[in-house]
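Contents: one structure, followed by commentary.
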Amino acid sequence: MYDLIVIGAGPGGYVCAIRAAQLGLKVACVEGRETLGGTCLNVGCIPSKALLHASHMAHEMHENFAKMGLMNAHADIDWDRMQAYKAETVGTNTKGIEFLFKKNKIDWLKGWASIPAAGKVQVGDQVHETKNIVIASGSAATSLKGVEVDNDAGIVVDSTGVLALKKIPQTMVVIGAGVIGLELGSVYSRLGTKVTVVEYLDAITPGMDGEVQKQFQRILSKQGLKFILGAAVSGVESAENGATVTYTPKKGGDAQTLDAEVVLVATGRRPYHDGLGLDALGVKLTDRGQIAIDNHFATSVPGVYAIGDAVPGPMLAHKAEDEGMAVAEILAGKHGHVNYDAIPGVIYTTPEVAAVGLTEEGAKATGRKVKIGKFPLMGNARAKAMLQAEGFVKLIADADTDRILGCHIIGPGAGEMIHEVCVAMEFGAAAQDLALTCHAHPTVSEAVREAALACGDGAIHV
Ligand SMILES: Cc1cc2nc3c(=O)[nH]c(=O)nc-3n(C[C@H](O)[C@H](O)[C@H](O)COP(=O)(O)OP(=O)(O)OC[C@H]3O[C@@H](n4cnc5c(N)ncnc54)[C@H](O)[C@@H]3O)c2cc1C
C-alpha cells in the first residue's frame, strides 16, 4: 500500500513525488512515456531552449560579431548535430530525474495509468493500492478545426514535430502568435527560414502588457519575422513538399493564401486526462475540460488530487512544480501554498520577455490608481555594451500604497531579472524597497531599480 501514487512524471508530478518522499511518504509515480520529465523535459521547455540557445548563438554571430570587431565569423549549420545536442540536453535532464527517483526511493511504475476507484491505480494488469492519488497528467497540443497535424510527415506539425524536423525549411508559416509559436518561429528564423506568423487576434502574445506586445513585435519584425494579425485561418491544405494556409482578414475582404514548406500549428494546448477513467470515477471537470479542484488541489472525489497543466491556471512548468510541492506538503500534514499572484512568465527569444503580476491594463481594470515606472534599456550601460538596448523595464505599483503590482521586462536576461521582482512581490514590497536596494554596476538589473526609482522621485539615467 502506497501513501501516494502520482500519475504523470512531468514537472508537476515528479516534483510532487520527490517532495512527498522527502516528507516521509511511501511514493510511486506512474509514467507512460519511455523517459521521465513529461512534456517539459521531453518535448517542451528543454528541447526548445536548447534550439533557442544554439540559434541565438548563430544570430549573435550574424548580427553583432562584426560590430564588435570579430570579423568574418560564419557558421555552417549542421542540423543533425544541432538535433544531437538537443537530444543530449534532453537525455541528461531526463536521466537526472531517474537518479532523483532512485535517491528518494520513489517507485517508477512504467505504463499508462487508470483509476478504477479512489485508492486504486491500475497500470497494465496490476492494480496498486494507495491512500492518495495526485493526477499530474499534463496537456496536449490542440489543432484548429479541420487542420490535420502529422508530425511524421513533417509538413503540418505541432510543437513536438517542429522540434524534430528532418531539415531546416526555407519557409514556415506559424499559426498562433503565442509564446510557443514565437519561440519556435524565432529558432527557425535565426537559422535562415522565412517565417510568417498568422494570428487571429490583433496583437501578439495575448494577455501580455500592451506596450510589451507592441515593442516585442517591432523587435521580432526587425529580426525578419513577418506578422499577419487579425487573420482567421480557415484551412491548411497539405501537399508533398509543403502546405497552403488559407486565412480571411477579420476586418473583411477575400480569403488569402500562404504557401510554406512547413506549417507550425501553435494555437494552444488542452488539459490531458484521456484514459484515466475520470468520468466513471465521478471527477468533475470545468467547462474548459480542466480537472476542477478546490484550493487544496482536491478534486470532487475524496483522496484524488490534481495539479499542473491538467487543472486551471497558467500552463507553465514552474506553476506545475509549485503545485506539486504544495500538494505533497498538504498530504504530509503541512500547509502547502502557491502564490498565484507572483508566478513569472518568460519568453525565451532574443531579447527575452518576462512578466510577473498585473499588466498596466489589468491593474487599471481593478479600479485602483496605479503608477508606472518605466526605464528604457538605452539608459543602461551593460545592455548597450551587449548591443541589446531595445527593451525596457516597466514596473507597476499601487499609487496609494506604492506596493508592487506587476513588472514587465524586454531585454537580455529578462527571464533571470524578473525574479528579484517576484521575491519583492512575495514579501509584499513597495517600489521604494527595490529603489533603495543597491544593484551592482554595470548590470542589466540596474534597469529594474531605475524603473522602481521612476515610480518615486525619478530614474537617474534617463
Ligand atoms: C514547446 C513547448 C515549450 C514550453 N516551454 C516552456 C517553458 O519554457 N517554460 C515553462 O514554464 N513551460 C513551458 N512549456 C509548458 C510546460 O511544458 C508545461 O506547463 C509543463 O510540462 C506542465 O507540467 P505537468 O507536470 O502538468 O505536465 P506534463 O509535463 O505534460 O507531464 C505530464 C506527464 O503525464 C504523463 N501521463 C499522462 N497521462 C498518463 C497516464 N494515464 N498514465 C501515465 N502517465 C501519464 C504524460 O506522458 C506526461 O509525461 C512548454 C511547452 C511546450 C509544448
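Things worth noting here:
- Tally, over the stretch 138-176, of residues that are farther than 25 Å from ALA9 by Cα and surrounded by 15 or more Cβ atoms within 10 Å (Cβ to Cβ): 15
- Per-region count, the stretch 313-341, residues under 15 Å from the mean Cα position of the chain (by Cα) and either closer than 26 Å to GLN213 by Cα or at pLDDT below 95 (or both): 8
- Residue in the stretch 27-45 that is under 30 Å from GLY124 (Cβ atoms) and basic (Lys, Arg) present: yes
- Qualifying positions in the stretch 375-391 - among the hydrophobic types (A, V, I, L, M, F, W, C) and open to solvent by 10 Å² or more (accessible area, probe 1.4 Å): MET378, ALA381, ALA385, MET386, LEU387, ALA389
- Remark: GLY192 falls outside the filter, which requires a residue to be under 18 Å from the mean Cα position of the chain (by Cα), at pLDDT 95 or above and either more than 15 Å from the ligand (Cβ to nearest atom) or small (Gly, Ala, Ser) (or both).
- Criterion: away from the ligand (no atom under 12 Å from the Cβ), under 24 Å from ALA141 (Cβ atoms) and either in a helix (DSSP H, G or I) or aliphatic (A, V, I, L, M) (or both) - qualifying residue of ALA355, ALA328, ALA320: ALA355
- Scope the stretch 16-31; condition more than 11 Å from ASN132 (Cβ to Cβ), open to solvent by less than 30 Å² (accessible area, probe 1.4 Å) and more than 8 Å from the ligand (Cβ to nearest atom); matching residues: ALA17, ILE18, ALA21, ALA28, CYS29
- Checklist (1) open to solvent by less than 50 Å² (accessible area, probe 1.4 Å); (2) within 30 Å of GLY24 (Cβ to Cβ); (3) not assigned by TED's automatic domain parsing to the domain that holds ILE293 applied to PRO351, failing item: (2)
- You will find that of GLU98, GLU129, the residue that is outside any loop (DSSP other than H, G, I, E, B) and under 30 Å from ASP294 (Cβ atoms) is GLU129 and no other.
- Taking the listed residues VAL448, VAL462, VAL393, VAL444, the one that is of a type outside the set (Lys, Arg), assigned to a helix (DSSP H, G or I) and outside the structural domain of PHE65 (by TED's automatic domain parsing) is VAL448, with no other qualifying.
- Elements of type strands (runs of 3 or more DSSP E) contained in the stretch 204-268, each with 3 or more residues being loosely packed, with under 14 Cβ neighbours inside 10 Å: none
- Filter result for the condition that a residue is within 15 Å of the ligand (Cβ to nearest atom), within 30 Å of ALA385 (Cβ to Cβ) and open to solvent by less than 20 Å² (accessible area, probe 1.4 Å), over LEU52, LEU36, LEU41: LEU52
- Pairing residues of the stretch 244-255 that are farther than 16 Å from LEU229 by Cβ with residues that are open to solvent by 70 Å² or more (accessible area, probe 1.4 Å) and outside any loop (DSSP other than H, G, I, E, B), at Cβ distances under 6 Å and at least 6 apart in sequence or on separate chains, gives THR244/GLU237; THR244/THR257; THR244/ASP259; THR246/SER234; THR246/THR257.
- Looking across the stretch 271-289, the residues that are open to solvent by 60 Å² or more (accessible area, probe 1.4 Å) and in a loop (DSSP other than H, G, I, E, B) come down to TYR272, ASP274, GLY275, LYS284, ASP287, ARG288.
- Residue count, the stretch 303-317 (criterion: under 19 Å from GLY268 (Cα atoms) and either in contact with a Cys (Cβ under 6 Å, 6 or more places away or on another chain) or more than 14 Å from the ligand (Cβ to nearest atom) (or both)): 1
- Of all positions in the stretch 219-236, none carries a residue that is within 16 Å of the ligand (Cβ to nearest atom) and over 30 Å from VAL134 (Cα atoms).
- Some residue of the stretch 78-89 being away from the ligand (no atom under 14 Å from the Cβ), buried (at least 17 other Cβ atoms within 10 Å of the Cβ) and under 28 Å from GLN388 (Cα atoms): yes
- Per-region count, the stretch 290-302, residues within 13 Å of the ligand (Cβ to nearest atom), of a type in the set (Val, Ile, Thr) and assigned to a loop (DSSP other than H, G, I, E, B): 1
- Restricting the stretch 331-348 to residues that are in a helix (DSSP H, G or I) and either open to solvent by 30 Å² or more (accessible area, probe 1.4 Å) or β-branched (Val, Ile, Thr) (or both) leaves a set whose member that is nearest to the ligand (Cβ to nearest atom) is TYR340.
- Residue in the stretch 376-389 that is charged (D, E, K, R), farther than 30 Å from SER137 by Cα and at pLDDT 95 or above present: yes
Matching residues to (1) in a helix (DSSP H, G or I); (2) free of Cβ contacts under 8 Å to residues at least 60 places away in the same chain; (3) acidic (Asp, Glu):
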residue	(1), (2), (3)
MET61	yes, yes, no
ASN72	no, yes, no
ASP76	no, yes, yes
THR92	yes, yes, no
LYS105	no, no, no
LEU109	no, no, no
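- Exactly one residue out of SER186, SER114, SER159, SER137 is over 30 Å from LEU358 (Cα atoms) and among the small types (Gly, Ala, Ser), and it is SER114.
- Residue check for ALA310: touching a Gly at 6+ places or on another chain (Cβ under 7 Å), open to solvent by less than 40 Å² (accessible area, probe 1.4 Å) and either within 30 Å of VAL156 (Cβ to Cβ) or not assigned by TED's automatic domain parsing to the domain that holds THR39 (or both): yes
The values are calculated or read from the model by the stated rules, or taken from the named source; none is laboratory data. Values in this document were obtained by computation on a predicted structure and should not be read as measured data. For neighbour counting, all protein chains shown are included, and Cβ atoms are generated from backbone atoms with ideal geometry for every residue, glycine included. What goes into the accessible areas is simple: the full protein's heavy atoms, side chains included, and nothing from ligands, DNA or RNA. Shrake-Rupley method; radii C 1.70, N 1.55, O 1.52, S 1.80 Å.
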